There are 2 protein chains.
Amino acid sequence: MMQKIESVKNEQIKKINKLKQKKYRQQAGKYLLEGWHVIKEALINRPQEVEIILTVSDHLAVLRPYLRDHSWIVLEINDRVAEVLSDTVHTDGIFAVAKLPEFSETTLLNHESKPWLVLDQVQDPGNAGTMVRTADAAGFSGVIFSAGAIDPFNSKVVRSMQGSQFHLIVAQVHDLKAFLEIQRQQDYQIFGTLVDSSATDIRQIALANQRYVLMMGNEAHGLSTELAALADDNLYLPIFGQAESLNVAIAAAVLMYQLQMQVDL
Amino acid sequence: MMQKIESVKNEQIKKINKLKQKKYRQQAGKYLLEGWHVIKEALINRPQEVEIILTVSDHLAVLRPYLRDHSWIVLEINDRVAEVLSDTVHTDGIFAVAKLPEFSETTLLNHESKPWLVLDQVQDPGNAGTMVRTADAAGFSGVIFSAGAIDPFNSKVVRSMQGSQFHLIVAQVHDLKAFLEIQRQQDYQIFGTLVDSSATDIRQIALANQRYVLMMGNEAHGLSTELAALADDNLYLPIFGQAESLNVAIAAAVLMYQLQMQVDL
């Protein structure tokens, strides 16, 4: 028998709803997913990270084939409970509680020789989530958030990632220097980015392989001087018109694709 | 003597505030700008489009040098009026009423031989504004919105454009086919975009010059079949990872830069 929750005051629902706050996510080591599109990516790619599925009755049929080999807890909820849990205007009524992914230092080593994106102090959740989604499309190993960047499992970031967190590594590391050092030892090139025409024009870079790290900085202040100094090269994207700058997620996308498209994939 | 407005019930303020609605923008042929950064771009690049400047006293000194040769109406407002007019959480207290730009068919002709971006049915204001800003950075002639796309002078689009509407042509055209026909007669190539690997990989395109039109489609449905059929080529951007698609503003940015960087600029 599947448990059915019909009260928004249910203790479990209240507890799950608290996962929208960073403090509770870190205490519990869990976060909240919403929407069938994203939950399906979790069930397919990282079933071991999923703990609880909460759904209105509509999705029970489509969910059934996925349930066979797994021991997820499935709870039926009603529309009112769905509205309380939802972060969107029109919810499709399906949610999941997932474990925050944990990656060992070994995982962060030379990962299939594919590139890494580093987000230093990026604050806007839409920008951060979009960069994860774009890094996924561009075939990156993962996206590393600096300690001062937004929490990658903030609900707005999660919404923008559109499930890409189940395709690549998304991690917040406290010691970015150590991460860069590990990559350097694996013959990864380290690229920073600067909005400064004295930096290296992206068109001058010729890559022989995908072993590189691309670092993007804060929306207003750019990459920290400390990280820029650690880079083998700092890249800039030419401005052909009169705009002063590009949005950071846009710049990251153009750079990632520009680098990936010149490696013969 | 500068007029000072201290009541949020002032008739002129009420009228200006209505410019946040499309209906009133079209009736008046005007729209509302907010923020010194954007207003400065207007004063420098398109002074003839500015009619009224409304500002809290803080900006009067920085504004003065710009006022010399122009007959703008300048109104001083207080913080309460600024809050009413503002669309942001923290307003800097300066606003302007600007004329909606008008472009004749001649302007839309062969414009310095630079490329055009066409937004067909794009609905999200952030996406639309970001694409205008990116097209500006990439050195485009302008951005043409289809009749079914969002109003380019919607306040959220205006915020995302960050003043780029004063650097290039931003226009909504009712007859997109006629626009394309005019460009074709000027030897412009017409590129559509499709999320479909049977389309032409962007890496196969070799451009000799900047005479091209790039068309992006709706966030959910892509480019309309009708427009895709009018293209000389439909382009697609390879996905190297597992993401299903890219955000439309991200895809547009990668395509614009990929095309512009191969023309020797």
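FYI, it's all coordinate maths here, none of it is from the lab. Every value quoted in this text rests on a predicted model; they were computed, and no experiment measured them. Note that we place each Cβ from the backbone using ideal geometry, even for glycine, and neighbour counts take in every protein chain shown.
Which residues, taken from segment A:201-255, are within 12 Å of chain B (Cβ to nearest Cβ), over 14 Å from B:M261 (Cβ atoms) and surrounded by 18 or more Cβ atoms within 10 Å (Cβ to Cβ)?
A:Q210, A:A243, A:N247, A:V248, A:A249, A:I250, A:A252
For the structure I just gave you, tell me whether A:T107 is among the β-branched types (V, I, T) and farther than 30 Å from A:V62 by Cα.
Numbers: among the β-branched types (V, I, T): yes; farther than 30 Å from A:V62 by Cα: yes.
So A:T107 fits the description; yes.
Any idea which of (1) closer than 18 Å to A:P152 by Cβ; (2) in contact (Cβ under 8 Å) with a residue 12 or more places away in the chain; (3) among the basic types (K, R) is the one A:K23 doesn't satisfy?
Result: A:K23 fails condition (2) only.
Taking segment B:60-85 only, how many residues are closer than 16 Å to B:S7 by Cβ and surrounded by 18 or more Cβ atoms within 10 Å (Cβ to Cβ)?
Looking only at that region, the number is 5.
Being surrounded by fewer than 16 Cβ atoms within 10 Å (Cβ to Cβ), within 27 Å of A:L194 (Cα to Cα) and more than 10 Å from the chain's Cα centre (by Cα) narrows it down to one of A:S141, A:S104, A:S146, A:S113, so name that one. Don't jump to the end; show me each part of the working.
On the way: A:S141 fails: surrounded by fewer than 16 Cβ atoms within 10 Å (Cβ to Cβ); A:S104 fails: within 27 Å of A:L194 (Cα to Cα); A:S146 fails: surrounded by fewer than 16 Cβ atoms within 10 Å (Cβ to Cβ).
The conditions single out A:S113.
Considering only residues of segment B:14-35 that are hydrophobic (A, V, I, L, M, F, W, C) and touching a helix residue (DSSP H, G or I) at 6+ places or on another chain (Cβ under 6 Å), which is surrounded by the most Cβ atoms within 10 Å (Cβ to Cβ)?
B:L33
Please go through segment A:1-16 and give me each residue that is in a helix (DSSP H, G or I) and in contact with a strand residue (DSSP E or B) (Cβ under 8 Å, 6 or more places away or on another chain), ordered by number.
Once the filter is applied, which keeps residues that are in a helix (DSSP H, G or I) and in contact with a strand residue (DSSP E or B) (Cβ under 8 Å, 6 or more places away or on another chain), segment A:1-16 yields A:Q12, A:I13, A:I16.
Every residue in segment B:49-59 that is surrounded by fewer than 19 Cβ atoms within 10 Å (Cβ to Cβ) and either touching a residue at least 40 places away in the same chain (Cβ under 8 Å) or small (G, A, S) (or both), please.
B:E51, B:I52, B:S57
Collect the residues in segment A:191-215 that are touching a Leu at 6+ places or on another chain (Cβ under 6 Å) and part of a strand (DSSP E or B), keeping them in residue-number order.
Listed by number, the residues that qualify are A:F191, A:G192, A:T193, A:T200, A:L214, A:M215.
Given the structure, is B:Q162 touching a residue at least 24 places away in the same chain (Cβ under 8 Å) and on the phi > 0 side of the Ramachandran plot? Can you show your working first?
Details: touching a residue at least 24 places away in the same chain (Cβ under 8 Å): yes; on the phi > 0 side of the Ramachandran plot: yes.
Taking the combined requirement at face value, the residue satisfies it.
Only residues that are over 20 Å from A:Q26 (Cβ atoms) and in contact (Cβ under 8 Å) with a residue 40 or more places away in the chain: list them for segment A:167-178, please. Working first, answer last.
Filtering segment A:167-178 down to residues over 20 Å from A:Q26 (Cβ atoms) leaves A:167-168, A:177-178.
Result: A:H167, A:K177.
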